[in-house]
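Reading through the structure tokens given below for one structure.
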Amino acid sequence: DAGVIQSPRHEVTEMGQEVTLRCKPISGHDYLFWYRQTMMRGLELLIYFNNNVPIDDSGMPEDRFSAKMPNASFSTLKIQPSEPRDSAVYFCASSFAREAQYFGAGTRLSVL
Amino acid sequence: TQLLEQSPQFLSIQEGENLTVYCNSSSVFSSLQWYRQEPGEGPVLLVTVVTGGEVKKLKRLTFQFGDARKDSSLHITAAQTGDTGLYLCASRGGYNKLIFGAGTRLAVHP
């Protein structure tokens, strides 16, 4: 099993630029989750999908953030325009039904 | 929304020592999960506890779920440097949402 694959692992960008984070969930999993982790706020759920449909996006901080899941094997989290306070580690996770969530290795985003 | 409090925030110990970390809430947990996150990696599920009073063991790790299902503890016996990491507890906040505590950051020194 390849596990949940995220890319890029590291992203450094300048304020105002668009950032796109990518995730490939584990094959056969029907739930996909996007989290953000910072020292101040810990691990926060941003949005999650079930069968490619967004179920709960109440954790998305503001309109600058958007997420899509065009098919069962791919999802993106986009920030446009990015701001320094968006700097964090972004994790993608997937699960089958309500079973264990499996996390990717994360994308460390730095917005200068 | 259920809030999870973890204590201590930080723990620095020598190899071979025992330790216990805690996860508490003012509300009843339907179930509780413990994760370990190593530097540069995502969290990895260690265990899920469901029944009040439940005790589960995973090698040197012992997990307890309080009788009232409002608290849980993780005890590590004879800590090793490989136990270093961030220990997170999480509860279900909705159908399939997880709410995480802030974590206990453990450093085990040789």
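We did not get these values from a lab; they are worked out from the coordinates using the rules stated. Note that this is a predicted model, so its numbers are computed, not measured. No Cβ is skipped: glycine too gets one built from the backbone with ideal geometry, and neighbour counts run over all protein chains shown.
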Open item on the list: Let me check I've understood the local charge: for A:GLN17, count other residues with C-beta under 12 angstrom from its C-beta, Lys and Arg +1, Asp and Glu -1. What total comes out?
Closed with: -3
Task: Cα→Cβ-extended label distance, 7 Å offset, between B:ALA107 and A:SER110, nm - done: 2.1 nm
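Quote the FRET efficiency, to the nearest 0.05, computed for A:THR38 versus B:ASP67 with a Förster distance R0 of 35 Å and r equal to the Cβ-Cβ distance.
Values: r = 34 Å, r/R0 = 0.98.
Calculated transfer efficiency: 0.50.
Run through segment B:37-110 and list the trypsin sites (Lys or Arg not before Pro) located in a DSSP loop whose Cβ has at most 14 other Cβ atoms within 10 Å.
On the way: sites: B:LYS56, B:LYS57, B:LYS59, B:ARG60, B:ARG69, B:LYS70, B:ARG92, B:LYS97, B:ARG105; in loops: B:LYS59, B:ARG60, B:ARG69, B:LYS70, B:LYS97.
Passing both the DSSP loop test and the Cβ count: B:LYS59, B:ARG60.
Taking loop as defined by DSSP and a crowding limit of 15 other beta carbons within 10 Å, which chymotrypsin sites (Phe, Trp or Tyr not before Pro) in segment A:51-112 fit? Kindly include the intermediate steps, with their values, before the conclusion.
Details: sites: A:PHE65, A:PHE74, A:TYR90, A:PHE91, A:PHE96, A:TYR102, A:PHE103; in loops: A:PHE96.
Passing both the DSSP loop test and the Cβ count: A:PHE96.
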Task: Taking chain A and dividing mean pair separation by its residue count, relative contact order in percent (alpha carbons under 8 Å, at least six apart) - done: 38 percent
- [ ] Have a look at A:ARG22, A:ARG41, A:ARG64 and tell me which one the Gaussian network model of chain A (Cα, springs below 10 Å) gives the largest fluctuation.
- [x] A:ARG41
Open item on the list: Quick query: amide H of B:GLY52 versus all other amide H atoms, modeled in the peptide plane; which residues come in under 5 Å with a sequence gap of 5 or more or a different chain?
Closed with: none
- [ ] Taking the Cα centre of chain B as origin, sum charge times position over the Cβ atoms of Lys and Arg (+1) and Asp and Glu (-1), and report the length of that vector in debye to the nearest 20.
- [x] 300 debye
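What number comes out for the charge environment of B:LEU58, summing +1 per Lys or Arg and -1 per Asp or Glu over other residues with Cβ under 12 Å away? Please list the in-between numbers first.
Values: positive: B:ARG36, B:LYS56, B:LYS57, B:LYS59, B:ARG60; negative: B:ASP83.
It works out to a net charge of +4.
Could you grab the relative contact order for segment B:40-110? Cα pairs under 8 Å, six or more apart, rounded to a whole percent. Please list the in-between numbers first.
On the way: 98 pairs, mean separation 14.6, N = 71.
Normalised by residue count, the contact order of segment B:40-110 is 21 percent.
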TODO: Once you've got the GNM for chain A with C-alpha springs shorter than 10 Å, pick whichever of A:GLU14, A:GLU83, A:GLU62 has the biggest mean-square fluctuation.
DONE: A:GLU62
Open item on the list: Using DSSP to call loops (not H, G, I, E or B), can you name the chymotrypsin sites (Phe, Trp or Tyr not before Pro) in segment B:33-110 whose Cβ has at most 15 other Cβ atoms within 10 angstrom?
Closed with: B:TYR95
